[in-house]
Structure formats: structure tokens, C-alpha cells
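Asker: The structure is given below, and queries will be raised subsequently.
Readers should treat all values here as calculations from the given coordinates under stated rules, not as data from a laboratory. Only a predicted model underlies this, so the values are computations on that prediction, with no experimental measurement involved. Here Cβ is always computed from backbone atoms with ideal geometry, including for glycine, and neighbour counts include all displayed protein chains.
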Ligand SMILES: [Cu+2]
């Protein structure tokens, strides 16, 4: 039977394809685990987008996300949401985002986020965009942001309240 080996390879390929679609992706650099970097599709003409992920520090010393670069984006910054005179505003974190030893920090809509400014083209759901995260101690790592649908929320996250990010 000539077709059997090919069939087996095809089945393996299907398994690989479905598992890579079904499971969130992640990265590890030093003591840091970066879980599922993602962003949202943008409407035509939009100039900005937010980047989100969860970062866990399993080490014994604090670290900081100090810079982010995203391909096709003029400039990226690390932002927090904060209450200023009773209004929720976002503002840059001048010394980056701290990830304390043994803790996790979630970047998500309405909270900490990577601000992508100056999109060269709209972000399309289903695509990925490459970027680099730079940490003070752990160093740099290349990641892929998955572009999810417009209005997508983090898994299981349906909290639209404008509570201060603290
Ligand atoms: Cu922002």
C-alpha cells in the first residue's frame, strides 16, 4: 500500500495544525513566562492599538518590562490606566512595568497595556505581528502578538468597569 505513510504524515500534520490553533502561545526568557501576547483588530484608519499579555516572574528578584518594539508600528510605549481628577486616563510608565519576584502582571484592556502608536496598516484578526519585549534583567525576547477580533476580551474576562489599575 503506497498511500499509508502519506496518510500518516497528513494526520500528524492535522494534529499539529489543530493543536497550534487551539492552544494559547507563550514564551520564556530567564525567570519570566510570557503568556499569550495578543492585540485587537483595528478599523480602517485607526492609528493606535493595544498590546496585551500576562507576564509571570518565577524568580527571586524583581524585574521590569522596560521597552517594547512592534513591527510596522512607529512607536510603542508601556501604559497604565489611572484615575486623574475623577477621569480614567492612560499614561506612560516612565520606568517601565514592574514584575515582582513570584508574581504575575496582566496587561489587558482597561489596565496595563502596550500602546502601539502609528500603525502602518490596520491589524487584521487571525494574523500575527512580531515584536520584541525588553526586560531590565531577563533581557530581550522576540514574541508574536496574535490579532484577535475587534472587541475581544481576555479569556473569561468580562469586566468593563473603569476601576483604577491597582
Ligand atoms: Cu495607552
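Asker: At 0.36 nm per residue, and after removing the present C-alpha to C-alpha distance, how many nm does the segment from residue 140 to residue 46 gain when stretched out fully?
Answerer: Values: separation 94, 0.36 × 94 = 33.84 nm, distance 2.84 nm.
In short, 31.0 nm is gained.
Asker: May I ask you to derive the relative contact order of the range 25-148, considering only C-alpha pairs under 8 Å and at least 6 residues apart, and to give it as an integer percent?
Answerer: 35
Asker: Using Cβ counts within 10 Å as a stand-in for footprinting exposure, how do 31, 85, 63 rank, fewest first? Numbers along the way, then the final one.
Answerer: Details: 31 18, 85 5, 63 23.
Ordered by Cβ neighbours within 10 Å, fewest first: 85, 31, 63.
Asker: Using a 7 Å offset from the Cα along the Cα-to-Cβ direction at both residue 106 and residue 25, what is the distance between the two label points in nm, to one decimal?
Answerer: The answer from the label model is 2.2 nm.
Asker: Compute the distance in nm between two label points, each set 7 Å from the Cα along the Cα-to-Cβ direction, one at residue 120 and one at residue 91.
Answerer: So the label points at residue 120 and residue 91 sit 3.3 nm apart.
Asker: Something else now. If the label point is 7 Å along Cα→Cβ of residue 74, which residues in the range 90-132 have backbone nitrogen under 17 Å from it?
Answerer: 115-123
Asker: Return the percentage of antiparallel bridges among DSSP beta bridges fully within the range 25-148, rounded to the nearest 5 %.
Answerer: Working: 46 of 49 bridges.
So the antiparallel bridges in the range 25-148 amount to around 95 percent.
Asker: Under a crude label model (7 Å from the Cα following the beta-carbon direction), how far is residue 128 from residue 83 in nanometres?
Answerer: In this crude spin-label approximation the distance works out to 4.0 nm.
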